[in-house]
Amino acid sequence: MARGESGRSVTALPESLRPWAAHLALFPEELSLALGGPVARLAAALGPLRLRGDAEGDEPQGYDGLTRRGAPERLLMSEWLLALEAPDEFVRRAAFGEQAHLRPAFRQPRSGRRCVALLDAGPEQLGAPRIAHLALLVVLARRAEAAGADFVWGVLQASPHKGPASRVDAATLGPWLKHPSAEPPSEERLAAWREALEGAHGSDEVWLVGGSRLARLPGAEGLSRVAVDEVLEPGARRLFVEVRPSAGSPRQVVLELPPAPQCVRLLRDPFGSATPRPSSHASAVRFLRFSLDGQRLLLTHADGAVSAQALAHSPRATVPRPKRYQPRDGEAVVAFGWRATGGLLVLTQREGLLRAHGGLRGHHSGRSWTLDAHTPFVLPLRDAPPLLALSRWDEQRRETPLVLDARSSLHALQVDLPWSPSARPVLENVRALAELRGRLFFVSGAFPGDSVPDSFLTGCLGDWSRRLTENPSAEAHFALCRPLPRKKAGPPLALREPSGVWWLGRDSYEVGGARLAVPEGQRVVGFARWPVDSEELGLVVLAEDQRSFLLLTERGPERLTMAPGRVRSCCFSHALPLLAWLTEEGLVGVWSLQHRALVFSSTPGGTR
């Protein structure tokens, strides 16, 4: 069984990639397969390496292919058979130069013969073009090896005094990937490289690899070039590559980029060396949900800590460190969330005493204050997730904290009272909450003290409300909405009716709308309007296998993605097209509908 330098078996690669197996073995198997497609396309565009003397002179060395020209004694036997069976066709093929001859090969000394690649590591070639550079290095290394030549490579922006790299491995590729140059290639650097190369053994082939404008650099004349440019089309994930040898006709190829998560790994950690490093305070995630504004993922950890993780909008964006609160000994978090003005809002309990942490705008209570021990809201059970906390602006432009308790009642905490702070009920039997630019939309039972029994409302807190024609039985979800709803209208809403059928409306008060039946065994996670500017609404559901996520619309189900294990908990953001899950093994993932890829993932010991 063949193995690469990394010790990993390379026989898992498909047959079409076996010629480059030894070089692709540098990468983990999934990245080898992702890079294999561009490698095969570029290899076909470059063709084999032909050093001087391969076609003529010196000692004959058999035959190495076919040619249209040659002596009669080197005609293929099939051509002589054609002369016997169809002499007219034989004469025609001879007249038009279509006959096939064996091409002789000759032995040549190859000491000092080299193939050199000079890569542009400047700002024009950052990101996706570097994946083509990586594939090209694999192709050129194998190509030179097959021809019995040496292969070396360097970076145009680097000093040639250190000499080019003679290997394609983690030690040489790592610094190139991690330290891109901020300066474009210059005429002086290219001239220095040409002088250094000519002063050595003299290479037969030098490739300049960069953007199409690299050809206009003085000194690039007479060199072979590979131009790599991104295809500038909406939603396109392709590279346009032109291979232009110094002697020969140019060839063009379009490279389809691998999936976004694999592209990120190829650019940031292609050798699988950057594993999550758990810190001393990191622990496994027990519960997750999105913040009320849908912008952050709220995580409850096994050691009692809570954190708010800001999420990237694309797979290539950097994920910041989470905001974290670690309770003291004997202290337990009973509610937490993200404040309207930014920052964690945490409610803790210690020896029966409730305390809130997080500075509030417009108050003099500081960063923490004590609550009345006999507050009317219901605390969570011991093994249940913490309550949801949030804040909003009141009529006096003060930031008011709110808590959604264990009985789905929303309470406002009254902070600046002459006596100990208490709480007052705001909404009862809340089915859904969504915060959109400071406006708090809701679906709930009547307001406290409402005279209409068994009535459900939808509306915007402090602004307007309307009674629903259909009372939801247990669930409701708001959907992504851009731009914001017009006055006295809410974002798209999904309600599960007592019959089990879901009603989907484009306004929270609309009587019409669509109705969808969810198959038995599937669980509704959220409500999606995707693409955002479309009129089609759908339910995001977790399939019966507890791993697959589907989008149910009137047109039928569409498969979205699959979690790496059985899902223990999941949620969907109403503000961003993001789906989050927590598996039974403790893996956390956030998947983007827009990019069809993960934008965040974590292990039980940390995040990546």
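The values are calculated or read from the model by the stated rules, or taken from the named source; none is laboratory data. Here the structure is a predicted model, which means the values were calculated and not measured. Counting neighbours? That spans all protein chains shown, and the Cβs are built from the backbone with ideal geometry, glycine included.
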_Condition first: surrounded by 15 or more Cβ atoms within 10 Å (Cβ to Cβ), closer than 30 Å to R265 by Cβ and without any contact (Cβ under 8 Å) to a residue 60 or more places away in the chain. Can you find one or more residues in the range 190-197 that meet it?_
no
*Total residues in the range 57-104, condition part of a loop (DSSP other than H, G, I, E, B) and hydrophobic (A, V, I, L, M, F, W, C)*: 5
_Just to confirm my filter: which strands (runs of 3 or more DSSP E) fall fully inside the range 209-312 and include at least 2 residues that are modelled with pLDDT under 90 and not assigned by TED's automatic domain parsing to the domain that holds G174?_
none
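Here's the yes/no breakdown for (1) under 21 Å from the mean Cα position of the chain (by Cα); (2) in a strand (DSSP E or B); (3) crowded, with 17+ Cβ neighbours inside 10 Å:
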residue	(1), (2), (3)
G521	no, no, no
V524	no, yes, yes
A528	yes, yes, yes
E535	no, no, no
D545	no, no, no
L550	yes, yes, yes
E558	yes, yes, no
T561	yes, yes, yes
P564	yes, no, no
*Per-region count, the range 566-587, residues in a loop (DSSP other than H, G, I, E, B) and within 27 Å of L436 (Cα to Cα)*: 5
*State whether the residues of the range 584-601 include one that is free of Cβ contacts under 8 Å to residues at least 60 places away in the same chain and more than 20 Å from R296 (Cβ to Cβ).*
yes
*Check the range 18-32 and report whether any residue there is out of contact with any strand residue (DSSP E or B) (no Cβ under 8 Å at 6 or more places or on another chain), in a helix (DSSP H, G or I), exposed (fewer than 15 other Cβ atoms within 10 Å of the Cβ) and modelled with pLDDT under 90.*
yes
_Cross-chain or 6+ apart pairs with Cβ under 6 Å, the range 78-92 first and within 21 Å of L102 (Cβ to Cβ), then polar (S, T, N, Q) and not in a helix (DSSP H, G or I)_ = E79/Q99
*Check off (1) at pLDDT below 90; (2) under 22 Å from C570 (Cα atoms); (3) within 24 Å of the chain's Cα centre (by Cα) for V541 and give me the number that stays unchecked.*
(1)
*Sort out which residues of the range 150-171 are within 19 Å of S224 (Cβ to Cβ) and either in contact with a helix residue (DSSP H, G or I) (Cβ under 7 Å, 6 or more places away or on another chain) or small (G, A, S) (or both), and write them in order of number.*
D150, F151, W153, G154, V155, L156, P160, A165, V168
*asked:* So in the range 138-164, with the set limited to residues that are in a strand (DSSP E or B) and β-branched (V, I, T), which one is nearest to L267 (Cα to Cα)?
replied: V155
*Mind listing just one residue for me: the one in the range 373-402 that is among the polar types (S, T, N, Q) and assigned to a loop (DSSP other than H, G, I, E, B) and, of those, surrounded by the fewest Cβ atoms within 10 Å (Cβ to Cβ)?*
Q396
*Cross-chain or 6+ apart pairs with Cβ under 7 Å, the range 340-362 first and closer than 18 Å to F377 by Cα, then of a type in the set (D, E, K, R) and in a strand (DSSP E or B)*: T348/R355
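Here's the yes/no breakdown for (1) more than 30 Å from A34 (Cα to Cα); (2) modelled with pLDDT of 90 or more:
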site: T67; (1), (2): yes, no
site: A86; (1), (2): yes, yes
site: G112; (1), (2): yes, no
site: H133; (1), (2): no, yes
site: L136; (1), (2): no, yes
site: A141; (1), (2): no, yes
site: V155; (1), (2): no, yes
site: P160; (1), (2): yes, no
site: S166; (1), (2): no, no
*Checking A135 against (1) in a loop (DSSP other than H, G, I, E, B); (2) closer than 30 Å to V226 by Cβ; (3) out of contact with any strand residue (DSSP E or B) (no Cβ under 6 Å at 6 or more places or on another chain), which test does it fail?*
(1)
_Of the criteria (1) closer than 22 Å to R213 by Cα; (2) in a loop (DSSP other than H, G, I, E, B), which one V168 fails_ = (1)
*Being surrounded by 12 or more Cβ atoms within 10 Å (Cβ to Cβ), outside the structural domain of R213 (by TED's automatic domain parsing) and part of a helix (DSSP H, G or I), is that true of even one residue in the range 114-132?*
no
_Given (1) modelled with pLDDT under 90; (2) among the aliphatic types (A, V, I, L, M); (3) more than 14 Å from the chain's Cα centre (by Cα), identify the lone condition not met by L593._
(3)
*Do you know which of the residues in the range 461-484 that are in contact with a strand residue (DSSP E or B) (Cβ under 8 Å, 6 or more places away or on another chain), under 18 Å from L440 (Cβ atoms) and among the hydrophobic types (A, V, I, L, M, F, W, C) is modelled with the lowest pLDDT?*
L484
